[in-house]
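Engineer: I have a structure I would like to understand better, so I am pasting it below and will then ask my questions one at a time.
The values are calculated or read from the model by the stated rules, or taken from the named source; none is laboratory data. The structure presented is a predicted model; accordingly, all values stated were derived computationally and were not measured. Here the Cβ positions follow ideal geometry from the backbone for every residue, glycine too, while neighbour counts run over all protein chains shown.
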């Protein structure tokens with residue numbers, strides 16, 4: 001894995017992304033844990049009511065209805081923001097074996113083409129397509145069934161992560177362009 005190429009502007013952005021991911025993962029763990037516990041307590045309550053004839057009002061009836069939905073949304077946000085952070089760290093999967101068979105000059109060109117393809121994809125699919133998705137759900141007024149959350153909030157991570165991918169790809173592209181003379185000397 002290549003080392004992160006943090007510059008002055010990206011350090012606070014990367015820290016913000018890292019803390020957002022830590023928070024989202026922490027909430028995801030707590031949410032799933034509560035879902036499992038509430039389901040088990042609901043089964044325990046049902047057993048007490050049927051077997052022992054005891055009514056226990058303070059135990060939940062089963063898994064909370066909102067835990068699965070919240071877990072799904074947190075997983076979406078974590079995945080998209082984590083993918084953007086992986087671009088900053090150059091941690092995405094690549095076909096290094098095949099690239100390694102090429103001449104060093106060809107490797108540089110292939111790396112630049114790769115950056116350009118990522119920029120095109122992130123711009124058209126993530127930012128433009130994601131924004132269209134957000135606009136559509138915003139104008140339709142869709143809400144999630146269990147949480148009552150506006151659907152556009154869930155989908156907003158697509159263009160947001162696209163902007164991060166674009167910024168980090170441009171940063172990596174600039175690093176690769178400035179590193180090219182050093183590679184030619186090797």
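Engineer: Hey, residue 64 hits all of (1) outside any loop (DSSP other than H, G, I, E, B); (2) crowded, with 17+ Cβ neighbours inside 10 Å but one; which does it fall short on?
Structural biologist: (1) is the only condition that residue 64 fails.
Engineer: For segment 76-111, how many residues are without any contact (Cβ under 8 Å) to a residue 60 or more places away in the chain and buried (at least 16 other Cβ atoms within 10 Å of the Cβ)?
Structural biologist: 1
Engineer: Could you please let me know if residue 120 is surrounded by fewer than 18 Cβ atoms within 10 Å (Cβ to Cβ) and part of a helix (DSSP H, G or I)? Lay out the reasoning, then the answer.
Structural biologist: Numbers: surrounded by fewer than 18 Cβ atoms within 10 Å (Cβ to Cβ): yes; part of a helix (DSSP H, G or I): yes.
Answer is yes for this residue.
Engineer: While we're looking at this one, here's another question. Would you point out which residue out of 102, 58 is modelled with pLDDT of 90 or more, over 13 Å from the mean Cα position of the chain (by Cα) and outside any helix (DSSP H, G or I)?
Structural biologist: Numbers: 58 fails: modelled with pLDDT of 90 or more.
On inspection, the qualifying residue turns out to be 102.
Engineer: Can you name every residue in segment 128-159 that is buried (at least 19 other Cβ atoms within 10 Å of the Cβ) and within 16 Å of the chain's Cα centre (by Cα)? Quick ask: steps written out before the conclusion?
Structural biologist: Narrowing segment 128-159 to residues buried (at least 19 other Cβ atoms within 10 Å of the Cβ): 130, 134, 154-159.
Those that are buried (at least 19 other Cβ atoms within 10 Å of the Cβ) and within 16 Å of the chain's Cα centre (by Cα): 130, 154, 155, 156, 157, 158, 159.
Engineer: Only one of (1) over 30 Å from residue 171 (Cβ atoms); (2) surrounded by fewer than 18 Cβ atoms within 10 Å (Cβ to Cβ); (3) under 36 Å from the mean Cα position of the chain (by Cα) is not met by residue 51, so which one is it?
Structural biologist: (3) is the only condition that residue 51 fails.
Engineer: Within segment 146-155, can you find the residues that are touching a helix residue (DSSP H, G or I) at 6+ places or on another chain (Cβ under 7 Å) and touching a residue at least 40 places away in the same chain (Cβ under 8 Å)?
Structural biologist: First, the residues of segment 146-155 that are touching a helix residue (DSSP H, G or I) at 6+ places or on another chain (Cβ under 7 Å): 146-147, 151-152, 154-155.
146, 147, 154, listed by residue number.
Engineer: With respect to residue 46, determine if the residue is in contact with a helix residue (DSSP H, G or I) (Cβ under 8 Å, 6 or more places away or on another chain), at pLDDT 90 or above, farther than 23 Å from residue 178 by Cα and in a helix (DSSP H, G or I).
Structural biologist: Details: in contact with a helix residue (DSSP H, G or I) (Cβ under 8 Å, 6 or more places away or on another chain): no; at pLDDT 90 or above: yes; farther than 23 Å from residue 178 by Cα: yes; in a helix (DSSP H, G or I): yes.
Judged against the criteria, residue 46 is not a match.
Engineer: Right, next: Mind listing just one residue for me: the one in segment 5-35 that is more than 17 Å from the chain's Cα centre (by Cα) and without any contact (Cβ under 8 Å) to a residue 24 or more places away in the chain and, of those, surrounded by the most Cβ atoms within 10 Å (Cβ to Cβ)?
Structural biologist: If we filter segment 5-35 for residues that are more than 17 Å from the chain's Cα centre (by Cα), which is where we start, we get 5-12, 30-35.
Among the residues that remain, those that are also without any contact (Cβ under 8 Å) to a residue 24 or more places away in the chain are: 8-9, 11-12, 30, 33.
Numbers: 8: 6, 9: 10, 11: 11, 12: 10, 30: 13, 33: 11.
It comes out as 30.
Engineer: Regarding segment 156-163, can at least one residue be identified that is modelled with pLDDT of 95 or more, assigned to a helix (DSSP H, G or I), over 25 Å from residue 31 (Cβ atoms) and touching a helix residue (DSSP H, G or I) at 6+ places or on another chain (Cβ under 9 Å)? Walk me through how you get there before you give the answer.
Structural biologist: Keep residues of segment 156-163 that are modelled with pLDDT of 95 or more, which gives 156-163.
If we keep only those that are assigned to a helix (DSSP H, G or I) as well, we get 157-163.
Pick out the ones that are also over 25 Å from residue 31 (Cβ atoms) and you get 162-163.
When the remaining residues are screened for being touching a helix residue (DSSP H, G or I) at 6+ places or on another chain (Cβ under 9 Å), the result is 162-163.
Yes, segment 156-163 contains at least one residue that is modelled with pLDDT of 95 or more, assigned to a helix (DSSP H, G or I), over 25 Å from residue 31 (Cβ atoms) and touching a helix residue (DSSP H, G or I) at 6+ places or on another chain (Cβ under 9 Å).
Engineer: Here's something else I'd like to know. Do we have residue 59 as touching a helix residue (DSSP H, G or I) at 6+ places or on another chain (Cβ under 8 Å), touching a residue at least 60 places away in the same chain (Cβ under 8 Å) and surrounded by 13 or more Cβ atoms within 10 Å (Cβ to Cβ) here? Before the answer, list the steps.
Structural biologist: Numbers: touching a helix residue (DSSP H, G or I) at 6+ places or on another chain (Cβ under 8 Å): yes; touching a residue at least 60 places away in the same chain (Cβ under 8 Å): no; surrounded by 13 or more Cβ atoms within 10 Å (Cβ to Cβ): yes.
For residue 59, the condition - touching a helix residue (DSSP H, G or I) at 6+ places or on another chain (Cβ under 8 Å), touching a residue at least 60 places away in the same chain (Cβ under 8 Å) and surrounded by 13 or more Cβ atoms within 10 Å (Cβ to Cβ) - is not met.
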